[in-house]
Structure formats: structure tokens, C-alpha cells
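The values are calculated or read from the model by the stated rules, or taken from the named source; none is laboratory data. Since this is a predicted model, take the numbers as computed values, not measurements. Positions of Cβ are generated from backbone atoms using ideal geometry, with glycine treated the same way; all protein chains shown enter the neighbour counts.
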Amino acid sequence: MERLDIVLLARHPGFSRSRIEGLVKAGFVKVNGETASKAGMKVSEADAIEVFIPPPVPAEPAPEDMPLSVVYEDGDMLIVDKPPGLVVHPAPGHLSGTLVNALLHHCPDLKGIGGVARPGIVHRLDRDTSGLIAVAKTERAMVSLAKAFASHDRIEKTYLAVCHGRPRLDSGRIENLIGRHPVDRKRMAIVDRNGKRAATSWRVLGSAECGKGALLSAVECRIETGRTHQIRVHMASLGCPVIGDATYGKSALDRRVDPPPARQMLHAWKLSLRHPATGEPLSFTAPIPADMLAYSQRLAENMV
């Protein structure tokens, strides 16, 4: 038996160890038909190992004429309402058709702001999470907004989540450490050490049955930090995972929901921040998407 990364390094001498680890973490390596769990897993000579080498990401994303829902725009910044299913920036497997490609067409001067690969991108949303995202249009705005989002200084981000079940309390606050899952490196988890502080305040807006015995709750989540998958991990820790969440959810419960969720029902609903140039307080609200309204109208009248 030998470590998977050692075997792959021998087969691909042109790759570094970090490149091998990156391929494994991204799910591009399979052992006996199953996605490899980690680079250090043990394999034998009899194991069938498959490696998919993704095409290189273009150094500079290209502008693309795509629909873009602009909530606010001035000379310094944009606030965009991102639809579900839209990837924020190019990456292996999604080299075009991203929010960045659309932004470069809408705002040609955005090129190079904050970096070549992710121009203007101050913070991100998961592909299947909809809602508000801030974009910097100048280097000055990029520095100001990036600092504010990193520290959560005078930034308020409120999400709407449709979750399985109902939390035991009507409201609460979760604070702990979130880091990489010790076994599945593509997942995040609540950890005792080697994680980053994550804090979420939540409030149940309403609950109702939506399907064959499927009790759902609409939950308002206000995050004090911006960790990867934070709300999804925290709601799952309450025993109320976001419906449609393929990573932290429960597919058996999803099948009982009417209509079945086509994606994780998480929406970046409200955003308050200070203007990066003037310091003026600004607040925005993104309409609840149609696929979430199928549940939310039955869950809580005061949401819309």
C-alpha cells in the first residue's frame, strides 16, 4: 500500500505535490470509480486510478454579453442581484458564462481591478446561492470594500434560508470554529481547532408543511463573519439543513418536499454597507427568487 499522492507524483513527474493535492481536493481523481477522499489515502497496485486534468483557466476572462441584474451603480461600485446557478468567476469546469464575464461586458473599465482573474470581486456567493453581491469599479473602492468585508466593519449581510424542520427555539446565535472537514476536504465542518471563528444570528420567520409530511421553516440568517459555507454548516448543525443542499442536506427529505428543490434554497437577501468613497450608509434588498417564493409564501407572510 502506498499514498495516493506518491503514486500520482510518480505517474506525473511534471506536477508538484501541491498540484496533485489540488486535483484531489477538486474531485478530479477517482480510485476504483469513486472520488478520492484525500491525497494521503492508501492505494494498492490493483486499484484503478483515474486522473482528469482540467484545461487551464484563461489568464484574462473575456467579456460576454449576458443578462445582468444591477441593483445599484455609480462610478465606484456595483451591487448585483446574482441569479442561482451563476458561477461568480472563471475556474476549471466553468471557464466562461460567469458573473465576471458579464461584468466585463457591462463595465469594460473593470479589467484588472483587484487582479486579473477576478476583477472587481470583493466577496463571493456559492453557484446555487442567489442574491446581492458587491463589485468594486476602482482600485480605491476595491481596497475599501475588501477591508470592510474581511473585518465585517459596518457590513450587515442577511440571508433567507428555507430549511428542513424547525429549530427548537424561535431565534438564536451560533458561534464556533469552521474549518475543512477532517475526512472530506471538499466540505467544511465545525471543528475544535485549526478553524476560523464563525458567528451567525438566526430567526425563524415561519414554518409550514410543504409536501408529504415535509415540515419546512423560513429562517433569516445574519452573519457576523464570512466563512465558506457558513450558513449551510450552521443550519445543518441545528438539525435543520437548507433544503436542496447536496453537500450538507438530506436528499431523502428533499424528495418529500413539494415542489422538489432544484438547488439549495439560500438567498443573499439584504446588504448594508458604507459607500467606499463617501462613507454614506447604503442598504439594499434583493427580491426573493421565484423558486424560493414557492415555499416562502406559505411559510411567512411578513417576509415579502
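Do you know which residues across segment 124-158 are assigned to a loop (DSSP other than H, G, I, E, B), under 20 Å from the mean Cα position of the chain (by Cα) and charged (D, E, K, R)?
Quick first cut of segment 124-158, residues assigned to a loop (DSSP other than H, G, I, E, B) only: 124-129, 137-138, 152-155.
Checking the rest, the ones that are also under 20 Å from the mean Cα position of the chain (by Cα) come to 124-129, 152, 155.
Within segment 124-158, R124, D126, R127, D128 meet the criteria.
What are the residues in segment 130-166 that are among the basic types (K, R) and under 26 Å from Q264 (Cβ atoms), if any? Steps first, please.
Taking segment 130-166 first, the residues among the basic types (K, R) are 137, 140, 147, 154, 157, 166.
Within segment 130-166, K157, R166 meet the criteria.
Could you please give the count of residues in segment 15-36 that are in a loop (DSSP other than H, G, I, E, B), touching a residue at least 24 places away in the same chain (Cβ under 8 Å) and over 11 Å from D5 (Cα atoms)? Write out each step before concluding.
If we filter segment 15-36 for residues that are in a loop (DSSP other than H, G, I, E, B), which is where we start, we get 15-16, 26-28, 32-33, 36.
Checking the rest, the ones that are also touching a residue at least 24 places away in the same chain (Cβ under 8 Å) come to 26-28, 36.
Now narrow it down to the ones that are over 11 Å from D5 (Cα atoms): 26-28.
Of the residues in that region, 3 qualify.
One residue stands out in segment 20-60 among those that are surrounded by 14 or more Cβ atoms within 10 Å (Cβ to Cβ) and of a type in the set (K, R): the one that is nearest to V183 (Cα to Cα), namely K38. Checking T129, T138 one by one, the residue that is in the same structural domain as V100 (by TED's automatic domain parsing) and surrounded by 20 or more Cβ atoms within 10 Å (Cβ to Cβ) is T129 and no other. Exactly one residue out of L273, L282 is more than 25 Å from R187 (Cβ to Cβ) and either free of Cβ contacts under 8 Å to residues at least 12 places away in the same chain or in contact with an Asp or Glu (Cβ under 8 Å, 6 or more places away or on another chain) (or both), and it is L273.
Across segment 184-203, what is the number of residues that are over 18 Å from G249 (Cβ atoms) and touching a residue at least 24 places away in the same chain (Cβ under 8 Å)? Give the steps one after another, and end with the answer.
Just the residues of segment 184-203 that are over 18 Å from G249 (Cβ atoms), to begin with: 185, 191-199, 201, 203.
With the extra rule that they be touching a residue at least 24 places away in the same chain (Cβ under 8 Å), the set shrinks to 185, 196-199, 201, 203.
Qualifying residue count for the region: 7.
I'm trying to understand the selection: among the residues of segment 280-304, which are more than 23 Å from the chain's Cα centre (by Cα), modelled with pLDDT of 95 or more and of a type outside the set (A, V, I, L, M, F, W, C)?
So the first thing to find is which residues in segment 280-304 are more than 23 Å from the chain's Cα centre (by Cα), and the list is 280-282, 297-302, 304.
Now narrow it down to the ones that are modelled with pLDDT of 95 or more: 280-282.
Once the filter is applied, which keeps residues that are more than 23 Å from the chain's Cα centre (by Cα), modelled with pLDDT of 95 or more and of a type outside the set (A, V, I, L, M, F, W, C), segment 280-304 yields E280, P281.
Return the residues of segment 46-79 that are assigned to a strand (DSSP E or B) and either out of contact with any strand residue (DSSP E or B) (no Cβ under 8 Å at 6 or more places or on another chain) or modelled with pLDDT of 95 or more (or both); say none if nothing qualifies. Before the answer, list the steps.
The initial filter retains those residues of segment 46-79 that are assigned to a strand (DSSP E or B), namely 49-51, 70-73, 77-79.
Selection gives V70, V71, Y72, E73, M77, L78, I79.
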